[in-house]
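The structure under discussion appears below in the form of structure tokens.
The values are calculated or read from the model by the stated rules, or taken from the named source; none is laboratory data. Because the structure is a prediction, the values reported are computed rather than measured. We place every Cβ from the backbone using ideal geometry, glycine too, and count neighbours over all the protein chains shown.
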Amino acid sequence: MISLLLAGLIAAPSYNTKRSLNHRQVRAQAHQIVQYLKSQDPRVLRSVMYYMNWVPKMEYKKEKCKKTNNNKDAMRQIIDWELDMLLDMSGIPRKKRR
């Protein structure tokens, strides 16, 4: 009796293993997925690509912050230049920053 149960257990197909797909089945399944994604909102596709790590992540570095400081310095230089010019034209002495 036990040998009959063991033989049935060994001979029974295993439903846990996945069978490999042939080339045609792979292409057909890929086509179905593409058609489904085309019908979706582009934001959904973008989100899927982010979840799958198919889109490079933007890395913000401190160098970008330095650029904004440089812009502030450039604006300050322009304002100082205009102020110097106006004060010189009006004859008002101004202390120079060093």
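So which pairs qualify, if the first residue must be in the range 12-27 and in a loop (DSSP other than H, G, I, E, B), the second must be not small (G, A, S), the Cβ gap must be under 9 Å, and the two must be at least 6 apart or on different chains?
These pairs meet every condition: L21/Q29.
Taking the options L9, L37, L83, name whichever one is surrounded by 10 or more Cβ atoms within 10 Å (Cβ to Cβ), modelled with pLDDT under 85 and assigned to a helix (DSSP H, G or I).
Details: L9 fails: surrounded by 10 or more Cβ atoms within 10 Å (Cβ to Cβ); L37 fails: modelled with pLDDT under 85.
Going through L9, L37, L83 in turn, the sole match is L83.
Contact list please: Cβ distance under 6 Å, first residue in the range 77-94 and of a type in the set (S, T, N, Q), second residue surrounded by 10 or more Cβ atoms within 10 Å (Cβ to Cβ) and not in a helix (DSSP H, G or I), pairs at least six apart or on different chains.
Once the first residue is of a type in the set (S, T, N, Q) and sits in the range 77-94, no partner that is surrounded by 10 or more Cβ atoms within 10 Å (Cβ to Cβ) and not in a helix (DSSP H, G or I) comes close enough.
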